[in-house]
Structure formats: structure tokens, C-alpha cells
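Colleague: Below is a structure I'd like to ask you about.
The values are calculated or read from the model by the stated rules, or taken from the named source; none is laboratory data. As the structure is a prediction and not an experimental result, all values here were calculated from the model. Methodologically, a virtual Cβ is constructed for each residue, glycine included, from the backbone with ideal geometry; neighbour enumeration extends over all protein chains shown. Each accessible area value is taken on the protein alone, full model and side chains, heavy atoms only, with ligands, DNA and RNA left out. Shrake-Rupley method; radii C 1.70, N 1.55, O 1.52, S 1.80 Å.
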Amino acid sequence: KPFHENGRINVLKKGAEWTIASQGHEFTDGPAVDAEGRVYFGDVKADKIHRIDLDGTVTEFASNCGGPSGLMFGADGNLYVCANRGKQIIKY
């Protein structure tokens with residue numbers, strides 16, 4: 001649960017430290033969290049979407065996605081992604 005500290009909202013638990021969730025990507029953007037708590041993010045230059053599972057495992061979710069950024073889950077549970085290169089929104 002977020003708490004206030006020095007005039008800002010801290011999303012880490014008290015005493016917790018930041019950790020690297022995934023690395024080696026070219027240009028990440030648009031993180032989104034599904035109903036189960038898995039995190040999805042786009043790697044715009046690599047043209048891929050990755051998923052971080054609850055155990056911390058990172059897998060490729062999709063490729064050739066048109067320069068994915070601006071990910072968001074809809075009320076219907078689908079993942080919506082802005083495909084910059086195609087100037088469209090893709091539903092997964």
C-alpha cells in the first residue's frame with residue numbers, strides 16, 4: 001500500500017529497496033498490470049511486448065507489434081497497445 005513520505009507518495013514498502021525487474025531492452029515504455037498482477041511492457045525499438053510473471057520470470061509476450069507503447073488493460077481484460085509504426089491500437 002502506498003504511503004506518504006517527505007511530501008511524495010512512496011510505492012515501496014517501508015524498508016524495501018528498488019530492484020531491477022528486467023534489463024537488456026532497447027527502449028521500454030507503457031507498463032500495464034493485469035488482474036492477476038503480471039506486468040507487461042513494450043520494447044519499442046525491438047518491437048516486442050514482455051511480461052513479468054508473479055515469480056519474477058520475464059518472457060516475450062508478443063513480437064512484431066508495430067512499435068508497442070502505451071499499454072493498458074481494458075475493463076474487458078484485454079491488453080490494448082498503441083502500435084506507433086502502424087498508427088493503430090492492437091487488442092491482445
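Colleague: Based on what the data block shows, is Ile89 outside any loop (DSSP other than H, G, I, E, B), touching a Phe, Trp or Tyr at 6+ places or on another chain (Cβ under 6 Å) and touching a residue at least 24 places away in the same chain (Cβ under 8 Å)?
Modeller: Judged against the criteria, Ile89 is not a match.
Colleague: Something else: Conditions first: (1) within 11 Å of the chain's Cα centre (by Cα); (2) modelled with pLDDT under 95. Met72 passes all but one, so which condition is the exception?
Modeller: The single condition Met72 does not satisfy is (2).
Colleague: Residue check, Asp29 against (1) at pLDDT below 80; (2) under 9 Å from the mean Cα position of the chain (by Cα), all met but one. Which one?
Modeller: (1)
Colleague: Could you grab me the full set of residues in the stretch 13-27 that are open to solvent by 70 Å² or more (accessible area, probe 1.4 Å) and either outside any loop (DSSP other than H, G, I, E, B) or without any contact (Cβ under 8 Å) to a residue 12 or more places away in the chain (or both)?
Modeller: Hits for the stretch 13-27 are Lys13, Lys14, Gly15, Glu17, Trp18, Thr19, Ile20, Gln23, Gly24.
Colleague: Here is a further query. Working carefully through the options Ala46, Ala35, find the one that is outside any strand (DSSP E or B) and surrounded by 15 or more Cβ atoms within 10 Å (Cβ to Cβ).
Modeller: Ala46
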